[in-house]
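The block underneath contains the structure these notes are about, expressed in structure tokens.
What follows draws every value from the coordinates through simple rules; no lab data is involved. No experiment lies behind these values; they were computed from the predicted model shown. Reconstructed Cβ throughout: ideal geometry from the backbone, glycine too, with neighbour counts over all protein chains shown.
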Amino acid sequence: MKTKNSSNLYNNLPQEEQNHDVVQLSVQPIESNATTSGSKPDSPISRQELDDTVTHVEDQSGEAQSTIHSSPTELSGQSSAIIITSPPAPFPQKRKLYLRMALLSTGMLAILAGGVIGGLSIRKAQYDKMAQAQIFFNKACHTETFSNAQALKLAQQNWTEAENLLRTVPFMPGLGIRDAQEIGSMFDRCKQNLDATSYFFEAADMSRDARNTVNQLQGIPKESWIAHLQQLDAAIEHLKLIQTVPQDLLIFRASQQRLDEYQGFRVKVQNRLNQEQQAVENFQTAEKLHEQFAAKQAFFDTLSRSNAEQALVSAIDYLKKVPSERTTVSAIAIQTLERYNQELSDFRIEPVRQNLRSLADSFAQLSSDLQTNLTFDNNTLAALDHLANQFTQFQQETSINTHPSMPYFAVALQDYQFAQALWQDCNEQTPESNLCFRNWLGSDNLYLGDASKFHDRLIDRYRIRPLWMSRGIRQKDALRAVFKHAQQNVEQAKQWVER
């Protein structure tokens, strides 16, 4: 601020006093230089004198005014100091301050009252939420046993509703949240029972397919058995989680029994898996051995045939290891085993079949020659002797003698030998006469047995008409009948050879 009469004096004031909006002015005497020299100080200026020298001061903003009192030097002839002093605050400003304080106090009381009322409202909302939650807790925990998954699901829904209510309890420092936690802890045992029962039912659902499949006779691929093992493992882990609940809960004892049961099922499933894998491996090995047999069976040397037969025998042994049921290859293994056995039989009998075919060809050639000439010449007699020796040699080999075609060959040979004997005994007589057959009645015929039954045997065996016998049969008719009978047996034998 600046004064009109003493700007220099204003500039010499302290900074705090310069910046003050309202200042007070007072004049106090200042000792002059004469004082120090022993002269007397001047008397103070009177109040009236100061009033006569009033100077108005305005600050730069124009908002506050101050009054400066200065003493004229001409009155006292003494130097004076000017002190700026602000006037006392007017009375209306104090009333505003008191009013403000009163309003502030009233607001604080209103806020405090509102806080109390709001706190009571929040507390009431807290207790309402907790009461509703406890109702749902009671519904969820009214029993420890559940007959089925649907009953458990309803209890879990009630529990979830109770938890949701507790989460929405209005917050109030020190209240509500602690009470909600205490209510939840009251039902910890119920929560443990609900969780354990849920694990129990989930374990049953997980293992249902495995438990239903393990006792079935139908085989399934190993991948399915592996999946069943995983299902049982997961179910067993669920049951193990129940072991942490209080042991006096009913679900604890039930889970113990179910755990032992599922572990038993797991052993069965593992056995079925091992059985399936082993069966498939045996079947595949048999197929590979059969491929080796097929590659060597076409060779006729002894070593190749021996190796081929050994491969096929080994293939049959592997097929016999495949279970007749309960695997995916059981049915096809049975069919393949039957086919391999037949192939082995055919392979082993092939040499016998070749010999029997040769024997059948010899019979056919002899029959053709005899039916054409109706006589036994040197060639036919030599062929018959060779045929008899060949047949005798085959009879000494067990593998050939036991063949079902041999009895038919034996009958045909007997026919030819009978025809030879008949021809030899009758070749010197007239072919039209019956004397040859009459002579045979008194002889011991080697081929037809008792001679007294010669006519009956001849009729029955060779189907010669009785009328011919009564009139006297011709030799060539008898030979034709015998040759025809022999040829029929040879055909039967050939059919057995090719079977």
Task: Kirkwood estimate for segment 284-350, i.e. one over the average of 1/r between Cα atoms, Å - done: 12.1 Å
Open item on the list: Testing the spin-label approximation: label points 7 Å from Cα along Cα→Cβ at Gln395 and Lys268. State their distance in nm.
Closed with: 6.3 nm
Task: Protection-proxy order for peptides 339-349, 392-402, each taking the mean of Cβ atoms within 10 Å per residue, highest first - done: 339-349, 392-402
Open item on the list: Please list, ordered by chain and number, the residues whose modelled amide H lies under 5 Å from the amide H of Thr327; skip anything fewer than 5 residues away on the same chain.
Closed with: Gly219
TODO: Once you've got the Cα coordinates, tell me which of Lys240/Lys321; Lys222/Lys320; Lys124/Lys191; Lys129/Lys191 are over 29 Å apart.
DONE: Lys240/Lys321
